[in-house]
Structure formats: C-alpha cells, structure tokens
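Structure record follows, encoded as structure tokens.
The values are calculated or read from the model by the stated rules, or taken from the named source; none is laboratory data. Because the structure is predicted, anything quoted here is derived from the model rather than measured. When we count neighbours, we look across all protein chains shown, and the Cβ atoms used for this are built from the backbone with ideal geometry, even at glycine. Quick note on the areas: whole protein, heavy atoms, side chains included, nothing else; ligands and nucleic acids left out. Shrake-Rupley method; radii C 1.70, N 1.55, O 1.52, S 1.80 Å.
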Amino acid sequence: MNKLRAFFYILKLSLENLVKNWHMLLASVFVLFTGMYIMGSLVLTSNSISGILSEQAEHPEVEIICRSALSDDDALKVYRAILSDERVSRAHMNTKADNFAKMKETFKGYEDIFQYEDADSNLLYVSFDITLKSASALENFSADMRKVYGVEEVQDNDSIYKYFRAISNFIRMGSIVALVVLGFLSILLTVNTIRLTVVARKKELRIMRDLGASYAFMRGPFIAEGVTIGLLSAVISFFAVRGTYNYVAKLMQRTDSVLRDIIKLKPFSEYSHGLILSFILAGLAIGLIASMFAIRKYINTERDDDK
Amino acid sequence: MEQPQRAVDRRQTMILFKDVSKVYGNGVTAINNLSLRIYKDEFVFLMGASGAGKSTLIKLLMKEEDPTSGKISVNSRDLSMIRRGAVQRYRRQIGVVFQDFRLLEHKTVFGNVAFAMEIMGKSRKDINEKVEASLSLMGLSKKADEYPRNLSGGEQQRVALARAIVNSPRILIADEPTGNLDPANAEQIMYLLELINSQGTTVIVATHAQEMARKMGRRILYLDHGTRNDNMSSGGGGAEEAMAAGDRVNISSAFGEFAANVQEEEYSGLFTEDNSVSDEGGK
Ligand SMILES: Nc1ncnc2c1ncn2[C@@H]1O[C@H](COP(=O)(O)OP(=O)(O)OP(=O)(O)O)[C@@H](O)[C@H]1O
Ligand SMILES: [Mg+2]
C-alpha cells in the first residue's frame, strides 16, 4: 500500500535527520527533559503535600498538655470538659506514668538522664490525644481549650500545616510559571533543531517540490522528527522522575525526623499512569508545534526564495 | 496515438497562453501580454536575451508563479483553477531539468532517479523497473552506482533527464539544459531531448544557444522583454505560421469560458484520452 510505504519512508528520513544532527537532538531532548523533569517533580511534590493536607483534613488531631503541678482531680475535670465538647470525636488520656514510660522509651540508651533522685513520673504531666470531628473546628477548639484551667499547652500542628499550605500554594504558582517558561524554551529549542535539518535539506526540498512531492510528504519527516524528540524526552523524563521519587521516599523512611510521621508518600505506581500520559501528550504537543513552526517558512511557500 | 483521420491542423494543444502578463512584486514586468500555443507533439525552443522572461514562463507553467493577468491552460486544464493543495499533483505531469542539474550529492545515480518515484510512494519493484529503463534510455546503465561528483557535466545532466522522465511526464521543460556543457555534451543532450519528444512528450527548451537551436530545425519562440518577437526569427518555422493562421484545438468543456474566448477555437467535441485528467486524478 502506497500510504504505508510512504510512512516508513518518512520515518526513515526523519531518523536519518536526527542521527545526522545528533548534537542538536541531544540539546533539545535535554531541554525538553529538564522541563518535564522539573514539572513532574513540582507536581509530585505538590501532590504529596496536598496528600498531607487532606490527611489532616480527614483526621484533625490536637494534643493538650496540662500543667505538671495539676492535681489528678483537676486533670480529670479537664478530661470531662474535653469529652463533653461536641467538636470532639475521640479523646485519650495519657497519665503521668504513661508519659514517663513514653519518655523512657524515647530516650532509650540514655537512661542515665533519669538517674537523679526524685526522677519519677510526678515530674511529668497529664496529656490528651484528641481527634476532632472536622478540621474547620480546629482553630476555635484550640483557642477554647487554652482558656480551660490547668491547660498548659495546646498543640494542633496547625502552624505546620499552614506552612505546608503555603509551600503548596507556592509550588502551584511556580508550576504555572515553570510550565510557561519551560514550555516556551522547549518549543524554541526544538524549533531550532528541526529548522537546522530543514535548512540542511533545503535543496532536497526544492527538488522534491519540483518533482511534485505532496506537501504532506515533504513535511512528514520533520513532523516525525519533532514527535520523536518529544516522545524520547517523555520516556527519559518519566524514568528520571520515578528514580528520584523512589530515592526521596527511601530517604524519608530512613530519617528519624518528624517529617517521617507527617509525610507519608504514596507509592509511585499511583502516579505512574498519569505521569507518563502527561509526558507523552506534552512531548507530542511540543514536537508537533515545534515542527510546524520550523517548516512553515520553508515548505508552505509557493515561491522560490533563492531568486 | 494519432488517429488517421485527424489532420495536422487538428493536433492537440498541450500548452496555451492567452494574453498572459506577469508583474513581480518589485514591479518588474517579466511577461507582457503573451499569447502562445504549443502542441502535444512539439519540441519548442524558447529564446531571448537574459531577462526576457524565459524562466518566468517556465515558473508560470509549473504554477510556481501565477500570472498577474491572462490565462494559461496546460493539458486542457485552466491553471488558475488548480487548488493549492493540488498543485503538487499537477507538477507530476511536468518533468523539469535545470542548468545546475540539481542532483542530490549523497545519493547514487540510481538513488537520484529513484527519488522521484520514492516521494510518490511507488513500490520497490516498480521503481527498479522504471529507473533502469530510464537510465538505459539515457545511456547511463553502467553509471547507476556512481555518485554525481564522479560524473561529467553531460552525464549529470543525463541523470537529471532520467529523473525528469522516470514518472512519464506529459511535458518536459529544460531551462538552459546545456548552459554548463561543452558543445559535444550539449549536442548529446539535444539528441536525448529529441528522443524523449519522439516518445510522445512535449519538450520545451529555454536556451541562449542560437546556433544549436537553429540547427535543430524546430520551432523557436522568441521572447523580448516578456513578449513574442517573431521578427527575430529568420523565416520562422512551419508550426509558427500554423499558429497565426488560426489552428484548431480540442479542449475539454471543463476549460469553459476561457476556451470560448479563444476565438479560433473549434468545438468539434474531440475528446481524447489525454483530456480526462481531473483535479483529483493523479497518475
Ligand atoms: N522572483 C522574482 N522577483 C522579481 N523579479 C524577478 C523574479 N524572477 C525574475 N525576475 C525579473 O523578471 C525578469 C525576467 O526574468 P527571467 O528569469 O524570467 O529571465 P530569463 O529570460 O530566464 O533570463 P536568463 O536568460 O538570464 O535566465 C528579469 O528582469 C528578472 O529580474
Ligand atoms: Mg532563466
């Protein structure tokens, strides 16, 4: 079939072009890759943070710490006040002994710090782990609790989440700027790469035109070239982002930081389909747009520019 | 193909220019109110000083340029009616060679000729057959695997000719085909052009080479500042006179209004197999 034969002929020509201009191919694939890599990383980071934020939204947690001098009776009053609050979903009381045990656990291997005379649970405090029914009540509930007699401190992690929310917004804004800038750069460089092969084949194109080759046939190799650059970049970017993500996830698991408890990264497989699809679409779009731009001046004209 | 009852004066017209002018964007009038007729079986020289408009006439024929005014018909088709998207298909009916040969350096002789068929998606088998036949006709069978840089000018021009005819065009146009060749090679090219013409292809040769053109005894169209100057011809050819005497032509009704305006036209309903090429019908 003529069409199929023409297709393979075009494909062959475009691959020849790419091999011949391998340095420019490398340059534009590198820029496309950089663009996709940065975009992919930003999106995954933003997504992970959103995950944390929604985790908080689903399980708004507050820790209330009482003064250590507080009598057991007064501590129970605080407990009752918490339990009777409509906004509370669940509450658990940690006695002084509980917290002492927890502390010992935390400082395992450093037991000598508990070696002074009156080191016992009385130095510690009663605390409550509370889960609220909704995150929206968090701020008010914390404020109310701070007013209750005997309450030393209310930790709702809200400031941490505010911090994450700020980062998330920043990344989202940054992503849009990055998308525009990187997209523009990618197209610009790919246009240049393809234009280089167009110029190199100018004579051939003119001969093709005189011989009556169809416009589609003349454009074909350059469009195929753009698409190849786009797809190649998409695949490389996908594996690079995957590698980075898994590496970061592993790092997070190893650290003893608070982050480990707050940030629970989803397995990469949850992102992989969406990511590769987006990369391929972006690569195709950039390749097509770039090749159209690159050949517009050279093939779309009826006139002989050389005269 | 000629039917016996068809007289010489009923020869098919291949190319018709009617009051054609071409003014380029810079204001230069390259073709000025030019009318001419070239028959299907003709071999015509196009002569005139540098800048007379020979190359422009060729560009108009290839629809690389459109006339500013007037009408052009090729093979019974009004060129102004050919859509932009169909121009390339139209060009396949025309083979063209230039002074500078325009061969691809990185392809062999065979590859250069095959290229003309590859770009149309022809099959390997078809390509091999036709390319070999074409090369053999041009006496290049032994050079098939050479690269253009290893060939003489005459041989390179023969490769260009082989490429121009490999798709069996109806018209072969040569713009200064012997401009870069010595007399012996030029003569050989002329001989091959005659050979191509004898196989049924209309041949048009733009040239400065007066002597050679005269020697060939073919019709010579003189261009002077973009218009016909028949005074330049010494005696003129027979066909030249026939043209002025109101020759007849068969033209398809699709050619319509334009054809009706050509007063010497005779609608004898003489449709031949060659008039049936439609806009979509490639080859
Ligand atoms: N693309 C163009 N734009 C503007 N003017 C042009 C263009 N092509 C040709 N001309 C002008 O049109 C006139 C006819 O040019 P053309 O090339 O047709 O002449 P020619 O007979 O082929 O000359 P030569 O024998 O030198 O090849 C010249 O004055 C030329 O400068
Ligand atoms: Mg010229």
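Scalar couplings 3J(HN,Hα) for the range A:33-45, obtained by applying the Karplus form with A = 6.51, B = -1.76, C = 1.60 to θ = phi - 60°, are 4, 4, x, 5, 4, 5, 4, x, 5, 4, 5, 5, 4 Hz; x denotes Gly and Pro. For B:K22, the residues 5 or more places off, or on other chains, whose built amide H falls under 5 Å of its own are B:A30, B:I31, B:N32, B:N33, B:T68.
Per residue, the accessible area of the range A:1-114 comes to 60 Å² when a 1.4 Å probe rolls over the protein heavy atoms.
Think of chain A as having a plus end and a minus end, set by charges on the Cβ of Lys, Arg, Asp and Glu; of A:I113, A:A81, A:F222, A:F222 sits farthest toward the positive end of this dipole. Modelled spin labels at A:S159 and A:V248, positioned 7 Å past Cα toward Cβ, are 2.5 nm from each other. Just report the Cα centroid separation between the range A:190-242 and the range B:27-68, whole Å. Their Cα centres are 36 Å away from one another. Highest mean packing first, where packing is the average number of other Cβ atoms within 10 Å per residue, the peptides B:57-65, A:4-12, B:149-157, A:221-229 line up as A:221-229, B:57-65, B:149-157, A:4-12.
Keeping to pairs on different chains or 8 or more places apart, tell me how many lysine pairs in the range A:61-155 have Cα atoms under 26 Å apart.
8
Across the range A:200-212, coupling constants 3J(HN,Hα) worked out from phi with the 6.51/-1.76/1.60 Karplus curve, θ = phi - 60°, read 4, 9, 4, 4, 4, 4, 5, 5, 4, 5, 5, 7, x Hz, and Gly and Pro carry x. Residue by residue, the range B:121-133 carries 3J(HN,Hα) couplings of x, 6, 6, 3, 4, 4, 4, 4, 4, 5, 5, 4, 4 Hz when phi is fed to the Karplus relation 6.51 cos²θ - 1.76 cosθ + 1.60 (θ = phi - 60°); x denotes Gly or Pro.
Of the listed peptides A:207-213, B:102-108, what is their order by residue-averaged count of other C-beta atoms within 10 Å, with the highest listed first?
Sorting A:207-213, B:102-108 by mean packing, highest first, produces A:207-213, B:102-108.
Excluding ligands, DNA and RNA, the accessible surface per residue across the range A:143-250 is 50 Å² with a 1.4 Å probe. Cβ-Cβ distance of A:V148 and A:M292, R₀ of 51 Å, FRET efficiency by 1/(1 + (r/R0)^6): the value works out to about 0.15.
Chain B packed on chain A takes about 2400 Å² of accessible surface away from a 1.4 Å probe, both sides summed. Using a cut-off of 31 Å between Cα atoms, the listed pairs A:K3/B:K18; A:K20/A:K297; A:K20/B:K143; A:K203/B:K122; B:K40/B:K107; A:K297/B:K18 include A:K3/B:K18; B:K40/B:K107; A:K297/B:K18 as exceeding that distance.
What residues in the range A:1-41 lose 20 Å² or more of accessible surface when the other protein chains are added to their chain alone (1.4 Å probe)? Listed by number, the residues meeting the 20 Å² cut-off are A:N2, A:R5, A:Y9. Spatially, the range B:177-216 and the range A:137-182 are offset by 88 Å when compared through their Cα centroids.
Expressed as a whole percent, the accessible area of the range A:61-155 that falls on carbon and sulfur atoms is 49 (1.4 Å probe).
Label separation (A:V181 vs A:E86): 5.0 nm, computed from points 7 Å beyond Cα along the C-beta direction. Shielding of peptide A:212-221 by partners, expressed as the average count of other chain Cβ atoms within 10 Å per residue Cβ, is 5. Here the spin labels are modelled as points 7 Å beyond Cα on the Cα-Cβ line, and at A:K264 and A:H59 they lie 0.5 nm apart.
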